[in-house]
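What follows is a set of notes on a single structure, which appears directly below.
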Amino acid sequence: ARELALDSPFDFESQAALLLLDGLPEPSEDKAYVSAIAACCREIVAKVPGGVFILFSSWKILRSVHGALKKKIKDRPLWIQGATGNEALLSDFIEAGNAVLLGVYTFWQGVDVPGEALSCVVLVKLPFPNYGSPVEEARRRWHESLERSYFDTHSLPRAVMKFRQGFGRLIRSSSDRGAVVVLDPRILHKGYGAAFIEALPRCRKL
């Protein structure tokens, strides 16, 4: 079969910037991590005049951060996935122009918000599958039964693809500009972090 791989038509080097924050607690540190994430999100929202997506891979962390943010953010809409239907929520987000939306996996892909209505995407945590779920546990056992590494052949590739999809929410037209902020320090300090960075289009690093 003949194959052809085409690059994106967007000029990410001039349209997009990537900020990897160092010095934050790791997700395994639970309360310290949530507290640090909430503080970072408040600062990001204060500095971005346009709309902001804050994307999570855990409902528990999403709700904790939302609880902290709603006490501080009073001058613009702050919405959480599940408050209403996703289509209505997205429509209101676009119309507002400067809203903050906290979402989980649904908003990592297939969401199109061009213009300043989405000026910044915050990826709170590297989107690895939930290891504790029965489905993932069964997949892990199956990979191990074939003498394969569950992490290398399944978990990491899936997480990298989801991460790339989350990054892709930012630039949706040739005139879009904005930044993606990653709040998971593992992308800088773990050996697998390079796989996430290499999966992204070339863009400005902050």
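Out of all DSSP beta bridges in segment 53-206, what portion is antiparallel? Express it as a percent rounded to 5.
Of the beta bridges lying entirely in segment 53-206, close to 0 percent run antiparallel.
Does segment 118-206 come out rounded, prolate or oblate by the C-alpha gyration tensor, with a ≥ b ≥ c the root eigenvalues, rounded set by a/c under 1.5 and, if not, prolate when a/b is larger than b/c and oblate if not?
Judged from the Cα gyration tensor, segment 118-206 comes out prolate (a/c at least 1.5, a/b above b/c).
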Which lysines, on any chain, are close to K71 with Cα under 26 Å apart, when same-chain ones fewer than 8 places away are left out? K31, K47, K60, K125
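What is the extension gain from S173 to K205, computed as 0.36 nm multiplied by their sequence separation minus the C-alpha to C-alpha distance, in nm to one decimal?
Full extension from S173 to K205 adds 9.5 nm.
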So what's the back-of-envelope 222 nm ellipticity for the chain, counting only DSSP H runs of four-plus at -39500 (n - 2.57) apiece and dividing by all residues, rounded to 500? -11000 deg cm²/dmol
Which number comes out as Rg/Rh for segment 52-206 once both Rg and the Kirkwood Rh are worked out on C-alpha atoms? 1.00
Report the dimensions of segment 1-58 along its three principal axes from the alpha-carbon atoms, largest first, rounded to Å. 51, 32, 20
Sorted from largest down, what three extents in whole angstroms do the Cα atoms of segment 53-115 have along their principal axes? 27, 26, 19
Can you list, largest first and rounded to whole Å, the semi-axes you get for segment 1-134 by taking the square root of 5 times each eigenvalue of its Cα gyration tensor? 24, 21, 17
First select every other residue whose beta carbon is under 15 angstrom from the beta carbon of A16; then total the charges, Lys and Arg +1, Asp and Glu -1. +2
Enter the accessible area per residue of the chain (Å², integer; probe 1.4 Å; all protein chains in place). 54 Å²
Checking rank on 165-175, 119-129, 184-194, with mean other Cβ inside 10 Å and highest first, the result is 119-129, 165-175, 184-194
Extension length gain for K72 and K60 (0.36 nm per residue less Cα distance), in nm, is 2.4 nm
Expressed as a whole percentage, what fraction of the accessible surface of the chain belongs to carbon and sulfur atoms when a 1.4 Å probe is rolled over the protein heavy atoms? 51 percent
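Report the gain in length on full extension from S8 to L146: 0.36 nm times residue separation, minus Cα-Cα distance, nm rounded to one decimal.
Full extension from S8 to L146 adds 46.0 nm.
Treat every Asp and Glu Cβ in segment 153-206 as -1 and every Lys and Arg Cβ as +1, leave all other atoms uncharged, and give the resulting dipole magnitude about the Cα centre to the nearest 20 debye. Could you put the intermediate results ahead of the total?
Numbers: 11 positive and 3 negative charges, 15 e Å.
My answer is approximately 80 debye.
The values are calculated or read from the model by the stated rules, or taken from the named source; none is laboratory data. Note that this is a predicted model, so its numbers are computed, not measured. Glycine gets a Cβ as well: all are built from the backbone with ideal geometry, and neighbour counts include every protein chain shown. Accessible surface is based on the protein model in full, side chains and every heavy atom, while ligands, DNA and RNA are left aside. Shrake-Rupley method; radii C 1.70, N 1.55, O 1.52, S 1.80 Å.
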